[in-house]
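Notes follow the structure.
The values are calculated or read from the model by the stated rules, or taken from the named source; none is laboratory data. The structure displayed is predicted, hence computed values, not measured ones. The accessibility values were calculated without ligands, DNA or RNA, using every heavy atom of the protein model including side chains. Shrake-Rupley method; radii C 1.70, N 1.55, O 1.52, S 1.80 Å.
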Amino acid sequence: MAKDKERAINPAAAQRKLEKQKALKKGKATVAAQRTERLARRNPERLQQQIDSLKAAASSGRPLAARDTKLLADLERDVARVRKARETLGAPQRAATHHTRGPGRGAATAGVSPASGGATAAAAAAARRTTAR
């Protein structure tokens, strides 16, 4: 019992205990910030589309499988978490349309052959990208 009193009174041990608590608190805050950033990167519209398709399947009279019911609940929870994370970080809301082709994909993938004036098609694509922003 005397050791417990000494340990409680020892200022060096108290200091180490405080430092450990601060380190744990900082670690938890870092993990929470990383989780928020990771969630904010997800696309809530895509999650909502999955939810809508599952609800449409359920409303068509076909009962959902247990896996799909769990998936629906998880997706609804994830959408709420993603939207909250986006609000917290102030992430801009994405446009309703999502382009599958990104910059630098080449003229052949854009439906224009390089031999038929790919340079003008690339210029037109660049103009569309600047006006879309």
Checklist outcome for this item: Of the residues in the stretch 44-70, those that are within 24 Å of Q34 (Cα to Cα) and open to solvent by less than 100 Å² (accessible area, probe 1.4 Å) come to P44, E45, L47, Q48
Next on the checklist: Condition check: among the basic types (K, R) and at pLDDT 90 or above. Does R62 satisfy that?
Outcome noted: no
Next on the checklist: If R41 meets every condition in (1) closer than 17 Å to K84 by Cα; (2) open to solvent by less than 90 Å² (accessible area, probe 1.4 Å) apart from one, which number is that one?
Outcome noted: (2)
